[in-house]
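A short worksheet on the structure shown next.
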Amino acid sequence: EAFDRALPGRFEARLDEQVERIELFPESGPILFESYRRALLKRFPYMAVYLVGVDRIVLLAVVSVGRDPAWVEETVSGRSDG
């Protein structure tokens, strides 16, 4: 925000776009590990990590794509009862 006051709004818009895409096509995100999937945010180096259940989709985290994959797995594993 210090560099561009519109940046937080653009980030939120990109996240909202991905959430809508996930709702329409939940299985489209590539598997990150186990049954956890990811969706990349356009124009931002972040990804949404989510699970697809029988009757719901759970967004677990939004993390930098530069994060260590082991850290991402350790952080989000077990956040949902599936």
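Let me spell it out: the conditions are (1) modelled with pLDDT of 95 or more; (2) surrounded by fewer than 16 Cβ atoms within 10 Å (Cβ to Cβ), and E1 meets all of them except one. Which number is the exception?
In the conditions (1) modelled with pLDDT of 95 or more; (2) surrounded by fewer than 16 Cβ atoms within 10 Å (Cβ to Cβ), E1 misses (1) alone.
Give the number of residues within region 5-32 that are farther than 17 Å from S77 by Cβ, surrounded by fewer than 11 Cβ atoms within 10 Å (Cβ to Cβ) and among the aliphatic types (A, V, I, L, M).
Here the count works out to 2.
Does R21 satisfy the criteria of being in contact with a Pro (Cβ under 8 Å, 6 or more places away or on another chain), free of Cβ contacts under 8 Å to residues at least 60 places away in the same chain, on the phi < 0 side of the Ramachandran plot and not in a loop (DSSP other than H, G, I, E, B)?
Numbers: in contact with a Pro (Cβ under 8 Å, 6 or more places away or on another chain): no; free of Cβ contacts under 8 Å to residues at least 60 places away in the same chain: yes; on the phi < 0 side of the Ramachandran plot: yes; not in a loop (DSSP other than H, G, I, E, B): yes.
So R21 does not fit the description; no.
Residue by residue through region 33-61, note down the ones that are touching a helix residue (DSSP H, G or I) at 6+ places or on another chain (Cβ under 7 Å), open to solvent by 30 Å² or more (accessible area, probe 1.4 Å) and farther than 20 Å from A13 by Cβ.
V52
Residues of region 12-71 being under 12 Å from the mean Cα position of the chain (by Cα) and of a type in the set (G, A, S), which ones?
G29, A39, A48, A61, S64
The values are calculated or read from the model by the stated rules, or taken from the named source; none is laboratory data. Small disclaimer: the values here were computed from a predicted structure and weren't measured. We place every Cβ from the backbone using ideal geometry, glycine too, and count neighbours over all the protein chains shown. For the accessible areas, the whole protein counts, side chains as well, though only heavy atoms, and no ligand, DNA or RNA atoms are used. Shrake-Rupley method; radii C 1.70, N 1.55, O 1.52, S 1.80 Å.
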